[in-house]
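The values are calculated or read from the model by the stated rules, or taken from the named source; none is laboratory data. Note that the structure is predicted; figures quoted are calculated from it, not measured. No Cβ is skipped: glycine too gets one built from the backbone with ideal geometry, and neighbour counts run over all protein chains shown. Calculation scope for accessible area: heavy atoms of the full protein, side chains included, ligands and nucleic acids excluded. Shrake-Rupley method; radii C 1.70, N 1.55, O 1.52, S 1.80 Å.
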Amino acid sequence: MTIAELVAAPTRRQTPLKTLAHVEYQLRVLGLLCAAAAEGPTKLTTPGSLDVWSRYITLQRGSLGCAACERAALDVADSLDVEVATGTSIRKMRNQVFHGGPDPENVDLDALYRVVSDNADRIVAIYEHGHVTHLEPLFILIDGELAALNDYSEGSATYWPRHGQVTDVTRPEILEALQKLGPQSGDRLLESFALDIQKDLRGFAERDSIQTLVVPPEPIVARWDLRTSSGTIQRVDRFEIGVDHDRIWCTESGPKPYKAFLADICNWDLLKERLLEELEERIKAEGLISDELFPDLKRHVPDVPARVRIADGPLGDGGDITITQACERITARTGIYSSYTNLITLTGEAGSGKTHSLLQFARESLSPGGELRPIAIYISSSGTSANSLDTLLEARMAPTLILNKSSVLALCRVGLAILVIDGFDELLGLRTYDNPLTGLKQILDPLRGKGTVVLSARSSYSEARLRQNLEFHATLDWPPYVTTLELLPWQPEQLEELTSRLSLHVTGEATSPEVRQLLTTPFFCLAFAAWARSEKPLEFLQFVVDTYLQRERRKLKGQGGDELFGSELLAAIFSEVAEMAARNAVPEISEEDLELAASQAMDRNLTPEEKRRLIALCGVSAEWAETTSRSSSRTSRSPSIFLLGRSPGCRSTRLSH
C-alpha cells in the first residue's frame, strides 16, 4: 500500500460519519509527511485530533520547502471549514457528532466527497514532489500494509492502517528512530485512556464502528455499535479522568468507575449466570468420573482444605496457606495496577486436586451478588482439540453469547475477571511445549502488562520446563510477574483420617515405601481404597496405573467427541514405551520413538490429531539437541519424551507392564 492508497477518497456509498473520520486520517497523513520532510526533531504531538493536525500542518508546512506544496498543504488544513450542510462545516459537524449530537442529516454528499477527493489529490501531489526521502519511522509496513503513526511512548508505538485496528509496535529500531524525532505528548492520560477504550470495545462492538473524540478538557466521547444476540445498539458514551487519575464513566445518574461501564455492556449478572451454568456442568462431569472410578468412596474423603506453598512476592512470604486463602489474595490484588500481568502458576502432582481447587475458586467467584468483585473465568484444555489459547478461548466463550477472546481480555485488563487456564501443559503443541511463554504470548501481549492469569500444570512439567522458561520472561515485550503456588501433599494425619474411615491400614511393613509415597494425594488414596475393597489379584501399582489411565483417557478425545485411545490401548502404548526405555537404559525416549510405540500398539500409523494429543498428555521435551539413539546408529534432532515424573503419583515411579 502507498501514500496514495492511504488517503484515497472512499466510495460515495460510505456513510457520512465514516467519511468525516477519513478527513481526520487524511490530515494525520499530511501532518506526518510534513514532519518527515523536516528530517530532524519535530514538534509533532501524538496521538492528535482533527484540530491538532490542522494547526500542525498550518504551522509546519514550511518544512516542505516548496511554495506550491505549502499552498496545497494549507488548503488541506483549511478544508475543515468547508460547509457540507447548511451552516455546518466539516469541523462543526464532526465535533457535534462526536460530542453526542445526532448523526448528520441533509449532508451535501457531493460537497463532502469533493473535500476528501481534493485532499487526496493534494496530499499525493505533495508526496510525489519528492520532499520526503524516508517514510520510516512515521510510516511503517505492518503485514505488508502501510500504516501511519498514531501514538508514541518510550515503551511502544501504535500505528494506524487505512483498514483495520490500531497495531502496537515494540521494535527497538522503530522506537529509537522515533525518540530521535522527539514527538511530544498531548494530554497523555486522556489520550491513553481513549486508546484503551478503543481496545476494550473491540470485543463488544461491530467491526469498524468505534470512533472516539479527544478534545481536552472535554470528556472523551465514544460512538460505537454494541453487538448483541438480538441485534445492534448504537451507543454514545463519555469518559473522563478524575482528580486522582481515576478512569470514570459519565452517566445520566452520575459518575461511575470505568469498570462499571464494561460490566454494563457485557450484562454482568446474566454473564455470571451463564458462566456458572457451564461451570456446574463441568463440575458435574468431574463428579461422574469420580463416581465411576470410586463408587461409594468419594463421600468418605475428609473435607480438608488443600494447602499450597506460596513463593515470596506480592501474594506471600514463602509460607504455607490454604488454597482458599491463596485465591482470596489473588482476587484482592486483581484490581491493583502493577505495570505487569500477574501470572500465577499452580503446580501439583497428578491427582493432587488442582482441577478441583480451581473449579471451586471459579464457582465461588460466580456466586450471586458481590457487586463488581472479579470473576474467575475457568478454561480447561482437558480433552480439547484446540491447539492454541486463541482457539481455546473462542471455543469456550461461544456458549455465553456475550464474550469472545477480545472481551475476556478487556475484562481482565480492568480487573473484572481472572483468566484461569487449567491443564496448560496439556494444551501445548510440539513446538511450544519447551517454551510455554510462546503459547502465552497470545494473551500476554493484548493484556499489555495488566490483569491476572492463573495457570495449572503438573509438577513434572513445571520442574522440567515451566520454571526454567519463566526465568527468561524479561525478554518478552510485556513480561509478567510470576508467582508459583505449589499444592502440597497430604500430611500423615490427613491420610490417617481417610484410611481410618475406610478401615484400611497403610503404615508398617505391610505397605511398601513406593505405595506410601503415592498415598499423598486424594486420587491415589481413593485408588488404594478401591484396590483394597476390590479383592482383585492385581498388585496395587498395576491397579493404580489401570485406574489412572481410565481417568486420563477422557482427555484424549477427538473433534467429534470420541475417545482417541482406550485404557487397554494406552496400557499397550506405555508398555511399548517402558520396554524401549528399559532396553536403552534411559529415562526418556524421543518423540519419534513415542510415535513408533503407539503405531506398534495400534498396528497402524497415528493420525495428526492422535499424535498431537498423545504428545501433550505424555510431555514432549523439544530441546532439539543432537542426540544419538541407542537403538540405532543414526543421529537425529528430535524432542524427547520424559518418563520420570510423568507417571501417576510420584516422580520415581516408572510406567511398566
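Brief remarks on what is shown
- Apportionment of accessible area to carbon and sulfur, the range 45-123, percent (1.4 Å): 46 percent
- Model label points for Lys43 and Glu281, set 7 angstrom from Cα along the Cα-to-Cβ axis, are 6.2 nm apart.
- Whole-percent carbon and sulfur share, accessible surface of the range 315-357, 1.4 Å: 50 percent
- Extension reserve of the Ala582-Asp603 stretch, reckoned as 0.36 nm per residue once the Cα distance is removed: 5.4 nm
- Average accessible surface area per residue within the range 206-363, 1.4 Å rolling probe, Å²: 51 Å²
- Stretch gain in nm, segment Thr438-Glu176, where the contour uses 0.36 nm per residue and the Cα spacing is subtracted: 91.8 nm
- Backbone phi angles across the range 17-27, fed through the Karplus curve with coefficients 6.51, -1.76 and 1.60 (θ = phi - 60°), yield HN-Hα couplings of 5, 5, 5, 4, 5, 5, 4, 4, 5, 4, 5 Hz in residue order; Gly and Pro are listed as x.
- Inter-site label distance for Glu83 and Asp143 at 7 Å from Cα along Cβ, in nm: 4.3 nm
- The amide H of Leu485, built 1.01 Å from its N in the peptide plane, has Thr345, Leu346, Thr347 as neighbours under 5 Å, considering only residues 5 or more places off or on other chains.
- Taking Lys and Arg as +1 and Asp and Glu as -1, the other residues whose beta-carbon sits under 11 Å from that of Leu485 total +2.
- Cβ-defined net charge surrounding Glu24, 12 Å radius [Lys, Arg +1; Asp, Glu -1]: +3
- Over all other residues within a Cβ to Cβ distance under 10 Å of Val221, the charged ones net out to 0, with Lys and Arg as +1 and Asp and Glu as -1.
- Calculated FRET efficiency, Val243 to Val166, Cβ-Cβ distance, R0 = 30 Å: about 0.55 to the nearest 0.05.
- For Lys180, a cut-off of 21 angstrom between C-alpha atoms picks up these lysines, skipping any fewer than 8 places away in its own chain: Lys43.
- Gyration tensor verdict on the range 1-80 (Cα atoms; rounded if a/c is under 1.5, prolate if a/b is larger than b/c, oblate otherwise): prolate
- Cα coordinate range in the range 228-350, projected on the principal axes (Å, largest first): 57, 44, 21
- Karplus 3J(HN,Hα) series, Hz, for the range 71-88 with 6.51 cos²θ - 1.76 cosθ + 1.60 (x for Gly, Pro): 5, 5, 5, 5, 4, 5, 4, 7, 5, 5, 8, 6, 6, 10, 7, 4, x, 10
- Taking label positions 7 Å along the Cα-Cβ direction at both Ile336 and Glu497, the computed distance is 3.1 nm, reported to one decimal.
- Remark: the range 56-156 carries 48 Å² of accessible area per residue (probe radius 1.4 Å; ligands, DNA and RNA excluded).
- With a Förster radius of 30 Å applied to the beta-carbon distance between Ala125 and Gln14, the computed FRET efficiency rounds to 0.80.
- Per-residue SASA remark: Arg373, around 140 Å² accessible (1.4 Å probe; ligands, DNA and RNA not included).
- Taking every protein chain into account, the 1.4 Å probe leaves Ile265 with about 20 Å² of accessible area, to the nearest ten.
- For Asn150, the amide hydrogen comes within under 5 Å of the amide hydrogens of Thr158, Tyr159, Trp160, counting only partners 5 or more places away or on other chains and with H modelled in the peptide plane.
- Probe 1.4 Å - accessible area at Tyr337, Å² to nearest ten: 150 Å²
- Largest to smallest accessible area among Tyr378, Tyr481 [probe 1.4 Å]: Tyr481, Tyr378
- Accessible heavy-atom area order of Lys354, Lys18, highest first, probe of 1.4 Å: Lys18, Lys354
- Overall form of the range 313-415: oblate. Here a/c, set by the Cα gyration tensor axes a ≥ b ≥ c, is 1.5 or more, and a/b is not larger than b/c.
- When the C-alpha to C-alpha distance is required to be over 23 Å, the pairs from Lys199/Lys259; Lys405/Lys441; Lys405/Lys450; Lys272/Lys405; Lys284/Lys405; Lys92/Lys256 that qualify are Lys284/Lys405; Lys92/Lys256.
- Among Leu606, Leu6, the sequence by solvent-accessible area, most first, with a 1.4 Å probe is Leu606, Leu6.
- Between Thr391 and Glu252, the C-beta separation translates, for a Förster distance of 41 Å, into a calculated FRET efficiency of about 0.50.
- Cleavage-rule hits (GluC sites (Glu not before Pro)) in the range 53-117: DSSP loop, at most 15 neighbouring Cβ within 10 angstrom: Glu105
- Cα gyration tensor shape for the range 1-143, rounded if a/c is under 1.5, else prolate or oblate: prolate
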